[in-house]
Amino acid sequence: MKSKELIISRPAGDLILEDSEIHFTSWEQMKKYLLAHAERSDRWIFRGEFTGEDFPETTLASLVADPQKRSAAFSFMIDEFRSAAPLYISGEKIPADTSYLEWLALMHYYDAPTPLLEWSRSPMVSAHDASAAAGSSDRKAHPSIWAINETAAAEICRAVLSKEKIRPELASVKAFSSPEIFRQMLGLALKEPVGFVAPVFPARKTQSFFARQSALTFQGNMGASFAENLAAMYDGAKKHGIDIPAGIFKKITAPASMTGEIRESLFAMNMTSRTLHPGIRGFCESLTDYAKQST
């Protein structure tokens, strides 16, 4: 295991996250490290990708490259989605007009661009996603798993949002998911964005959401990258005297050559595309996996 710093570049100056990137050359050691974090008393969530990027990114940021246009583009898209959804989705699945988190979660489910990121409470689910290597054109790509301390993130968000007169009643990680609080958060993000990464919990969940032990985060500044929102979290912790000595964010990586070993190990645990995506989508993904292994 080797650790090194991660650097977030931003106009206000680079933020250096000491010992936040951890590199493994042994899957067994990596697995023990991930499971140890999953068993801690503070809550960690994980996201895996086969990529060469240092930080994850939302679909909104990936598809709307110009930060200055992102909020307006999202505002247009959510209005269009809310208007057109009843044409395609049965009435009992349509959220209430004021349930903006449910609308965003529905957009996310149908792969529309949003400021949400999907994570998992299971590091093994994220390891499965991180080892999905085939088809990548990036020669620098490798299994990457990002982990964020959900407990610390919620504490910092609560302190930051209280300054914006947004005060969740519950002192828990679910505090930002009530319809009224999330409506205020979304309004702030569209008008006077403040950087943060808030854990959110939609009321309605799919079979896949349960199978993958999914979790979601919402970024307070749509015009900024995930890394810049994360940097704002660190600034907020410092400003409000919140102690995060162990950090709230980590990147765990492995060489591309370890991909096959990870997949075989997870297959033995019955962690496959078919089990993680119940239904025809997962079945077809499992056929794709079979085809890849047969070449």
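The values are calculated or read from the model by the stated rules, or taken from the named source; none is laboratory data. For clarity, every value in this text was computed on a predicted model and none was experimentally measured. In this analysis, Cβ positions are derived from the backbone assuming ideal geometry, glycine residues included, and neighbour counts consider all displayed protein chains. Quick note on the areas: whole protein, heavy atoms, side chains included, nothing else; ligands and nucleic acids left out. Shrake-Rupley method; radii C 1.70, N 1.55, O 1.52, S 1.80 Å.
Taking a Cβ cut-off of under 9 Å around His277, the surrounding Lys, Arg, Asp and Glu residues balance to a net charge of +2, with basic ones at +1 and acidic ones at -1. Multiplying the residue separation of Ala141 and Ala291 by 0.36 nm and removing their Cα-Cα distance gives an extension gain of 51.9 nm. Select from Ile262, Ala84, Gly279 the residue farthest towards the positive end of the dipole of the chain; place +1 on Cβ of Lys and Arg, -1 on Cβ of Asp and Glu, and compute about the Cα centre. Farthest along the dipole direction, towards plus: Gly279. Residues of the range 143-175 with an amide N closer than 17 Å to a point placed 7 Å from the Cα of Arg40 along the Cα-to-Cβ direction: 145-157, 173. Per-residue extension of 0.36 nm, minus the Cα-Cα distance of Glu57 and Asn270, leaves a gain of 73.8 nm for this segment. For Phe267, the accessible area of its heavy atoms, probed at 1.4 Å with every protein chain present, is near 140 square angstrom. Where a Cα-Cα gap under 23 Å defines reach, which lysines qualify for Lys31, not counting those fewer than 8 residues away within the same chain? Partners found: Lys2, Lys4, Lys140, Lys250, Lys251. Could you compute the net charge surrounding Thr259? Neighbours are other residues with a C-beta less than 13 Å from the C-beta of Thr259; K and R count +1, D and E count -1. Local net charge: -3.
Per residue, the chain exposes 50 Å² of solvent-accessible protein surface, assessed with a 1.4 angstrom probe and all protein chains in place. Once the C-beta distance of Asp19 and Leu190 is scaled by a Förster radius of 35 Å, the resulting FRET efficiency is 0.45 to the nearest 0.05. Thr217 exposes around 0 Å² of accessible area when a 1.4 Å probe is run over every protein chain in place. A Förster radius of 35 Å, combined with the Cβ-Cβ distance separating Lys69 from Ser3, puts the computed FRET efficiency at roughly 0.40.
Within the chain, what whole-number % of the accessible surface is contributed by carbon and sulfur, with the 1.4 Å probe and all protein chains included in the calculation?
52
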